[in-house]
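The next block holds one structure in the form of structure tokens; read it before the comments.
Quick note: the coordinates plus some simple rules give every number you see, no bench work behind them. Keep in mind it's a predicted model, so treat the numbers as computed, not measured. Neighbour counts run over all protein chains shown; Cβ positions are idealised from the backbone, glycine included.
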Amino acid sequence: MRPEPDTLVVGAGTAGCVVAARLSADPARAVLVLEAGPVWATPAQAPPGLLEAATLPLDPAAPWLRHYPAVLGYAGGAPVAATLVRGAVLGGSGAVNGAYFIRPPAPDLAAWCARTGDDTWSAAALAPTFAALEHDLDFGAAPGHGTGGPIPVRRPAAPDDPFTAAALAAGFPAVPDWNAPAAPATGVGPVPCSLDGPLRADTGSRYLLPALSRPNLTLRGGTAVTRLLIERGRVAGVCTETEVIRAGRVVLCAGAIESAALLLRSGIGPPDELRAAGIEPVLAAPVGRHCADHPEIGLDYRVSARRIGAVALETVLELDGVEVRPYALEFAPAVRRIGVALMRPATTGTLRVRAADPRIPPVIEHNHLASAVDRRHMLDGLDTAAELLSRMAGVTGAVRPPAAAGLPGILTTSQHLAGSCRMGTAGDDAAVVDRMGRLYGLDDLWIADLSIVPVPLARGPQATVVALAERIASGMRG
């Protein structure tokens, strides 16, 4: 019989690798990490090509990807369907994404603090965490940055980027460092990326693998958790398909989809929805009721000179809540795309389970562009993108923006689902966890991933998730 760990971490993704590495630094604590996907013991054992940053999109049949059907919105009453893709592998989605690593703006963090009732997640409070986790190869000596952290950060933008030239000619200010403490809300500049040479610097390789030599840290792959073990008012461990694993405390780091689904399958969620799925309610909680994501629409165009980028997105234009993304990768031979994403959408979506069986995927409905405000912002962003396309050298066959009625039919998602287990105060009827990720209503369960972020963030989530995991692990260490 295996000894009972002090801490059991569910998921070796972006957050789980950070939490496990930090908590196992205490030799008196035994930490067990369970990952549903494949894992390895050294970077050299990673699947060939997996971490290469220029490899996007990944093979949809890859065994380290998990796919979820979703409804983004409705066009003429018909659902607009999409597939959400997540990394089920050591490093999680950080091992398969575009390596974008921009910190969230201060106003978003202020809105986050309004949900928690204190300044735990303010820009000032998080600044030392962001500086400590990075090794910034471009601005490491600048105020607010660091050079000693585990995540290397650099900006691989091409110096002759035609999109940047067009944006500057249109009057947008240049932003050389989006991670600067006082970065503006609007401007164009290179994207900070988590890169180790040509490879994604995911937290699996940068946090967890260097810690695996510790005798008190164990990593198990190919181990899917089916439900939580709940006994006498506490979470006493987890169940897999073959065993019960007890622990002193459990930390969910399975991501916004799987962490929420695991709670729901365990009877933690809206009681009416649970009963409809054949699940006996254990704890009433608003799990899955307030999901947020970034709706996106792309404009395709052709280029006369082909160039494959080092990462999917090398430069970006920020419009204070709308992000214009000139993707460096090709969506077809010689075809590029500018994506326009709403980073602070007015509407939220839902996630619910249909059964206790983990093989049946949850129902995910985004409710994108249901708000007239969101539709207006999207149209404005598309008009800006089209104007920049008209200024870019070497562009042919650019697609014009649609009218408002045509928006839902070409809608996509940025794959940034968040907020399914939102953080908030004890009196907040939308809150599932407290300001440090502890579940309300049951003892010994923490959640430390994107599911607990309570507000939409106007930047991509990877840097935020690493900082969040660092802060929650620090709080758990006491």
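Taking the stretch 432-456 as the range and being more than 20 Å from E258 (Cβ to Cβ) and of a type in the set (A, V, I, L, M) as the test, the residues that pass are M436, V455.
Pairs are defined by a Cβ separation below 7 Å, a sequence spacing of at least 6 or placement on different chains, a first member in the stretch 346-364 that is at negative phi, and a second member that is basic (K, R); the pairs so defined are T350/R289; V353/R265; A356/R265; P358/R265; I360/R354; P362/R352; V363/R352; V363/R354.
For (1) out of contact with any helix residue (DSSP H, G or I) (no Cβ under 7 Å at 6 or more places or on another chain); (2) more than 30 Å from A254 (Cα to Cα); (3) not aromatic (F, W, Y), each residue gets a yes or a no:
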{"position": "L382", "(1), (2), (3)": "yes, yes, yes"}
{"position": "A385", "(1), (2), (3)": "yes, yes, yes"}
{"position": "S390", "(1), (2), (3)": "yes, yes, yes"}
{"position": "P401", "(1), (2), (3)": "no, yes, yes"}
{"position": "G406", "(1), (2), (3)": "yes, yes, yes"}
{"position": "G409", "(1), (2), (3)": "yes, yes, yes"}
{"position": "Q415", "(1), (2), (3)": "yes, no, yes"}
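Restricting the first member to the stretch 239-251 and to residues that are within 14 Å of A30 (Cβ to Cβ), and the second to residues that are of a type in the set (S, T, Y) and surrounded by 15 or more Cβ atoms within 10 Å (Cβ to Cβ), the beta-carbon pairs closer than 9 Å and six or more apart or on different chains are I245/T223; A247/T7; G248/T7; R249/T7; V250/T7; V251/T7.
Just one of T55, T14, T42, T83 is surrounded by fewer than 21 Cβ atoms within 10 Å (Cβ to Cβ), of a type in the set (S, T, N, Q) and within 20 Å of L450 (Cα to Cα); which is it? Steps first, answer last, please.
Working: T55 fails: within 20 Å of L450 (Cα to Cα); T14 fails: surrounded by fewer than 21 Cβ atoms within 10 Å (Cβ to Cβ); T42 fails: within 20 Å of L450 (Cα to Cα).
One residue alone meets the criteria, T83.
Would it be correct to say that V39 is farther than 23 Å from A418 by Cα and of a type outside the set (F, W, Y)? So that I can check it myself, show each step before the final result.
Working: farther than 23 Å from A418 by Cα: yes; of a type outside the set (F, W, Y): yes.
When the stated conditions are applied, V39 passes them.
The residues of the stretch 256-283 that are of a type in the set (A, V, I, L, M, F, W, C) and either in a helix (DSSP H, G or I) or free of Cβ contacts under 8 Å to residues at least 40 places away in the same chain (or both), listed by number, are A256, I257, A260, A261, L262, L263, L264, L274, A276. If I filter the stretch 190-213 for residues that are more than 23 Å from the chain's Cα centre (by Cα), among the hydrophobic types (A, V, I, L, M, F, W, C), under 29 Å from I452 (Cα atoms) and not in a loop (DSSP other than H, G, I, E, B), do I get at least one hit? Checking the stretch 190-213: at least one residue is more than 23 Å from the chain's Cα centre (by Cα), among the hydrophobic types (A, V, I, L, M, F, W, C), under 29 Å from I452 (Cα atoms) and not in a loop (DSSP other than H, G, I, E, B).
Residues in the stretch 398-431 that are of a type in the set (A, V, I, L, M, F, W, C), in a loop (DSSP other than H, G, I, E, B) and in contact with a Leu (Cβ under 7 Å, 6 or more places away or on another chain): how many? Give the steps one after another, and end with the answer.
Just the residues of the stretch 398-431 that are of a type in the set (A, V, I, L, M, F, W, C), to begin with: 398-399, 403-405, 407, 410-411, 417-418, 421, 423, 426, 430-431.
Going one step further and asking which of them are in a loop (DSSP other than H, G, I, E, B), we end up with 398-399, 403, 407, 411, 417, 421, 426, 430-431.
In the following step, the residues that additionally are in contact with a Leu (Cβ under 7 Å, 6 or more places away or on another chain) were identified as 398-399, 407, 411, 417, 421.
The total comes to 6.
So if I check each of P105, P69, which one is buried (at least 21 other Cβ atoms within 10 Å of the Cβ), over 15 Å from the mean Cα position of the chain (by Cα) and in contact (Cβ under 8 Å) with a residue 40 or more places away in the chain? Don't jump to the end; show me each part of the working.
Details: P69 fails: buried (at least 21 other Cβ atoms within 10 Å of the Cβ).
Checking each option against the conditions leaves just P105.
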